[in-house]
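The values are calculated or read from the model by the stated rules, or taken from the named source; none is laboratory data. Remember, predicted model here, so these are calculated numbers, not experimental data. Cβ coordinates were reconstructed from backbone atoms using ideal geometry, including for glycine residues, and neighbour counts include every protein chain displayed. Only protein heavy atoms, including side chains, enter the accessible area calculation; ligands, DNA and RNA are left aside. Shrake-Rupley method; radii C 1.70, N 1.55, O 1.52, S 1.80 Å.
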Amino acid sequence: MSEKVLIAGCGEVGNALATRLLADGCEVWGVRRRIDALAKGVQPWRIDLTDPESLDAPPAAFDYLFYTASADRRDEEHYRSVYVDGLRDLLGALRDAHCPLRRVFFTSSTAVYGQSDGEWVDEHSVTEPSRFNGRILLEAEAIVREAPETGINVRLSGIYGPGRTRLVRKVRNEEATPTASWTNRIHVEDCAGALRHLMRVADPENLYLGSDDEPVTTADVVNWMRAELGLDAPHPALSENRTERLNKRCRNARLREAGYQFQYPTFREGYRPIVREFLSQSA
Ligand SMILES: NC(=O)c1ccc[n+]([C@@H]2O[C@H](COP(=O)([O-])OP(=O)(O)OC[C@H]3O[C@@H](n4cnc5c(N)ncnc54)[C@H](OP(=O)(O)O)[C@@H]3O)[C@@H](O)[C@H]2O)c1
């Protein structure tokens with residue numbers, strides 16, 4: 001019998017994951033409010049994760065849950081209702097319905113790290129976020145870590161992918177500031193690829209950092225893009241931009257050791273087609 005997978009908050013990462021899992025022969029359900037935006041073949045479960053009243057009986061006996069919902073407003077109350085209450089309520093409903101959950105995944109973020117002096121961080125690093133978003137994500141991680149099922153938190157860095165041409169446009173318009181701050185990225189296809197990989201890996205750890213192979217400074221990215229766009233001489237890097245979330249370096253060794261092979265190991269492979277897409281649209 002095919003495995004039944006629920007992706008709660010089935011947006012960009014969720015749809016990319018769903019497409020892979022459908023190809024593997026899984027049955028996939030997606031939770032979101034705009035169910036017409038679910039990928040082809042994903043069965044809809046239309047509920048509002050922030051409204052427990054909307055939680056009706058689960059449409060199947062799920063074997064796997066991926067909680068990939070994303071808060072669409074940056075305020076503390078809303079964050080808690082999406083990441084903490086929504087996750088807890090959904091898990092409660094799945095357990096009440098006796099879903100035979102084998103693994104529960106939560107897509108957390110590298111915003112849980114407060115480090116901002118260019119330090120390397122990994123799964124062993126201290127997590128003392130300076131802002132509410134990181135603190136709330138840590139609360140959500142605790143729900144998954146302490147779950148009776150096998151719970152796996154995956155801390156993703158900055159997600160990018162096709163269609164996200166904002167940075168390219170900024171570089172082209174000379175609006176991007178090249179700084180010496182370290183940044184970390186992961187392509188949306190690798191988010192999905194890594195989650196699928198971790199669904200299958202034997203004896204998984206309960207925490208992984210999901211970021212590509214190469215932390216880079218904003219100046220590295222901006223100047224590489226300038227060259228790809230055919231713009232003139234690189235800009236010298238300005239001193240660090242001390243924005244929280246920035247200026248740390250994410251180490252992905254644990255995910256690598258688990259056997260995951262990145263489709264886009266650095267921003268160069270990932271952004272090259274995005275720059276081409278941008279150039280063809282603006283030609
Ligand atoms: N973006 C980043 O750089 C980044 C970095 C680190 C971690 N993450 C995490 O990675 C995960 C995947 O991100 P993504 O880029 O795939 O996000 P996304 O495209 O925004 O997808 C999240 C989906 O959640 C659904 N959703 C939001 N609120 C909901 C609610 N109340 N009830 C039901 N569904 C709801 C939305 O669909 P509807 O609007 O149709 O309901 C949306 O499609 C998220 O957990 C995010 O927090 C993101």
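For the reader, a short list of remarks on this structure follows.
- Figure legend. Inter-residue proximity from region 128-151: first residues more than 13 Å from the ligand (Cβ to nearest atom), second residues part of a strand (DSSP E or B), beta-carbon distance below 6 Å, spacing 6+ or different chains. Indicated pairs: R145/G151; A147/V104; E149/V104; T150/R103; G151/V104.
- Selection status of P234, part of a loop (DSSP other than H, G, I, E, B) and either closer than 30 Å to G25 by Cβ or within 14 Å of the ligand (Cβ to nearest atom) (or both): no
- Only strands (runs of 3 or more DSSP E) whose full extent lies in region 1-118 are considered here, and the ones with at least 2 residues that are near the ligand (Cβ under 9 Å from one of its atoms), touching a Leu at 6+ places or on another chain (Cβ under 8 Å) and under 17 Å from L137 (Cα atoms) are 103-109.
- Enumeration of residues in region 72-92 that are of a type in the set (G, A, S) and open to solvent by 20 Å² or more (accessible area, probe 1.4 Å): S81, G92
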